[in-house]
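Every read-out reported here was derived from the displayed coordinates using simple, explicitly stated rules and does not represent laboratory data. Just so you know, these numbers come straight off a predicted model, no measurement behind them. Neighbour counts run over all protein chains shown; Cβ positions are idealised from the backbone, glycine included.
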Amino acid sequence: MSNLTEKTFILGMDVSFMDEIEQHGGSYSDVDGKEQDLLSILKINDANAIRLRIWNDPVGGFCNLERTVEIAKRIKEQGLKFLLDFHYSDRWADPANQWKPKAWEHLSYEELQRAVCMYTADVLRTLKEHDALPDMVQVGNEITPGMLWNEGRVGGEEHDTDEQWERFAGLVKYGIAAVKSVDADIQIMIHIDRGGDNAESRKFYDRFEALGVEFDIIGLSYYPWWHGTLDALRDNLHDLAERYGKPINVVETAYPWTLEQPEGIEWILNQEDMLLPGYPASVEGQTKYLKDLLQIIREVPGGLGHGFYYWEPAWIPSKEEWSVGHPNNWGNLTMFDFKGRKLESFTALATVEESDVVTYV
């Protein structure tokens, strides 16, 4: 795809592990085995956007500001869209983990608000200085249960209170204000993990609407073995589009191309009964999944299907241990084989035509 505009249907890839893989000897190649730069391979094969996570002060030194600047410059050089995902943590932030960075552990709530604001603005100003400003920013990652626990924690009996939701929304608002202070044109995504769960999605976004959290894009994670059927995803996307009138991006998804487990490795998805019926764990099954997923997103009412990002298509098992202490459990959910060779499932992206654009601008 070419001549990207703000209306382009996003065909995105999260390659946050790319930096660590490259620095420790891993590499990528096209189907013919010819080694190439990963971002070049992705662009040639119709990806038009890249997502990166950023951690405050991570063990191992990857996905921090210094390394994010270097990768962001490469993204911009390729002419790709750039989504930056603030975790506001030194490590993974997700529905089970939304822990504050160590440097912020003893801050009061008001100090925490200021820290979110200053840190967000500092990161973006630094990227701007290097001509690597993101087009879109996530203020938090999978923040269904809140963020920056416990001050911004919601959900469960103890924390599902009006006061906690106000505190959580207050932290998010400071992050959004910081983004807009650097560049008002950067779009804001609010990302939760409930792709197939309409009731919980509505509960979350109803709360944010009532609390006056102003953002541009709804972001949903959808992993079928956790989040339900494709029909459940379709129903949720349709309802959210009609209810809120905002563009929706399936900002995390994946599907396996094999269940084969190399010795000493255990995949997070490793059983037939975890698969969607009719979508085998094969390159063909992965391709079919992506084609059908993209069709569902394109059919969101009002042209509000914004696109998708595949989560870590290039996280090949090239190392025994990762700097974040994470096991090799994703290598069958990538879009490259164990040695870094591109899979034919990228052909699913080519089914999205130049005319497939959203109309939200």
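In order along the stretch 105-112, the Karplus-derived 3J(HN,Hα) couplings, from 6.51 cos²θ - 1.76 cosθ + 1.60 at θ = phi - 60°, round to 4, 10, 7, 6, 4, 5, 5, 5 Hz, and Gly and Pro are given as x.
Per-residue ellipticity at 222 nm from helix content only, as computed over the chain with -39500 (n - 2.57) for each DSSP H run of at least four residues, stands at -10500 deg cm²/dmol.
For Tyr310, enumerate residues with amide H under 5 Å from its amide H, sequence gap 5+ or separate chain, H modeled in the peptide plane. Excluding prolines and chain starts, which carry no amide H, the hits are Gly12, Met13, Asp14. A DSSP coil position with no more than 14 other Cβ atoms inside 10 Å describes the following GluC sites (Glu not before Pro) in the stretch 39-111: Glu105. Per residue, the convex hull spanned by the Cα atoms of the chain amounts to 132 cubic angstrom. Sparsely packed loop sites in the stretch 2-81 (the trypsin sites (Lys or Arg not before Pro) outside DSSP H, G, I, E and B with at most 16 other Cβ atoms within 10 Å) comprise Lys7, Lys34. In whole percent, what relative contact order does the chain give with Cα contacts below 8 Å and a gap of six or more residues? Computed value for the chain: 20 percent relative contact order. Across the options Thr334, Gly302, Ser282, the greatest Cα extent toward the positive end of the charge dipole of the chain (unit charges at beta carbon of Lys, Arg, Asp, Glu) belongs to Gly302. Taking a ≥ b ≥ c as the square roots of the Cα gyration tensor eigenvalues, with a/c under 1.5 meaning rounded and otherwise prolate when a/b beats b/c, else oblate, which class fits the stretch 98-150? Since a/c reaches 1.5 but b/c is at least a/b, the shape of the stretch 98-150 is classed as oblate. Normalised by residue number, the volume inside the convex hull of the Cα atoms of the stretch 81-173 is 97 Å³ per residue.
Each residue of the stretch 58-67 was assigned a 3J(HN,Hα) from its phi angle through the Karplus curve 6.51 cos²θ - 1.76 cosθ + 1.60 (θ = phi - 60°); the sequence is x, 4, x, x, 9, 6, 9, 5, 4, 6 Hz, with glycine and proline shown as x.
Two-decimal Rg/Rh of the stretch 232-334 from alpha-carbon positions, Kirkwood Rh?
Values: Rg = 16.0 Å, Rh = 15.2 Å.
For the stretch 232-334, the value is 1.05.
Multiplying the residue separation of Thr229 and Asn64 by 0.36 nm and removing their Cα-Cα distance gives an extension gain of 55.9 nm. Positive end of the charge dipole of the stretch 29-118 (Lys, Arg +1 and Asp, Glu -1 on Cβ, about the Cα centre): tell me which of Tyr109, Thr68, Gln98 has its Cα farthest that way. Value: Tyr109.
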